[in-house]
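Read the figures in this text as sums done on the coordinates, not as results from a lab. From a predicted model like this one, the values you see are computed outputs, not experimental measurements. Reconstructed Cβ throughout: ideal geometry from the backbone, glycine too, with neighbour counts over all protein chains shown.
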Amino acid sequence: MAAERYGRFLNAVDLEATCWRGEPPAGQVSEIIEIGLCVVDVQARERVERARIIVRPTRSRVSAFCTELTGITQAEVDGGVDFRQALEILVRRHRSRGRPWASWGDYDRRQFERQCAPSGARYPFGAVHVNAKALFAEAHSVRRMGMADALRYVGLPLEGRHHNGADDAWNIGALILDLMRRGAWPVEAVPTS
């Protein structure tokens, strides 16, 4: 794998996790079932890759509510990779430890931390994380809003299915590019000449 200049690419990440209408069933916990990723070429100012990793949960099952929301079924996650393999894909294929990354809010970052800790898996990202939701609100002097509302606010289309991790990551990538065009993206997350 060729060397990559730090900051040239940024990973926009969106997770989907097992969820229920109300409290989880006894003994089940929310677990990552999809990692959506959009690679943003910061220098070219374009989205260059969309990826989807389906993750097999071990302590929960996909509820009917979860399938309705995300489109993800139990059969689909049964064919997914385990959590550690998903992290290896992030690190190896998407260079997650060497790239800045962003998510819409802090949920995704916290969910990775929550799930890595008990499993003993190493956290798959480097030190630079940008909460794009907070940055968007600050840049536009508005309250924090969901990704779909933010797209509407700046006049961008919602591409794909909302609550599909890969599609949501792709849309987050579009919002990141919009913030970059406005000069509102943090300096530590962009390359220096």
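General remarks:
- Tilt relative to the chain, helix 83-94 - C-alpha long axis, 0 to 90 degrees, to 10: 20 degrees
- Around the Cα centre of region 55-193, unit charges on the Cβ atoms of Lys, Arg, Asp and Glu (plus for the first two, minus for the last two) sum to a dipole of about 380 debye.
- Rg to Rh, two decimals, where region 100-193 supplies the alpha carbon set and Rh follows Kirkwood: 0.99
- Cα shape, region 128-171, gyration tensor, a/c 1.5 rule: oblate
- Fraction of antiparallel bridges per DSSP, the chain only, in percent to nearest 5: 75 percent
- A Stokes-Einstein calculation at 4 °C with viscosity 1.567 mPa s, built on the Kirkwood radius of the chain over Cα pairs, returns a diffusion coefficient of 76 µm²/s.
- Coarse-grained scattering of region 1-50 at q = 0.13 Å⁻¹, given as base-10 log I(q)/I(0) from a Debye sum over alpha-carbon atoms: -0.50
- Taking every DSSP helix (H) stretch of at least 4 residues in the chain, weighting each as -39,500 (n - 2.57) and dividing the sum by the residue count yields a mean residue ellipticity at 222 nm of -11000 deg cm²/dmol.
- Quotient of Cα Rg and 2.2 N^0.38 Å for region 1-96, N being how many residues it contains: 1.25
- To the nearest ten degrees, helix 107-119 and the longest principal axis of the Cα atoms of the chain are 50 degrees apart.
- Taking the Cα atoms of region 25-75, the ratio Rg/Rh between the radius of gyration and the Kirkwood radius comes to 1.16.
- Cα principal axis extents for region 84-149, largest first, Å: 39, 23, 20
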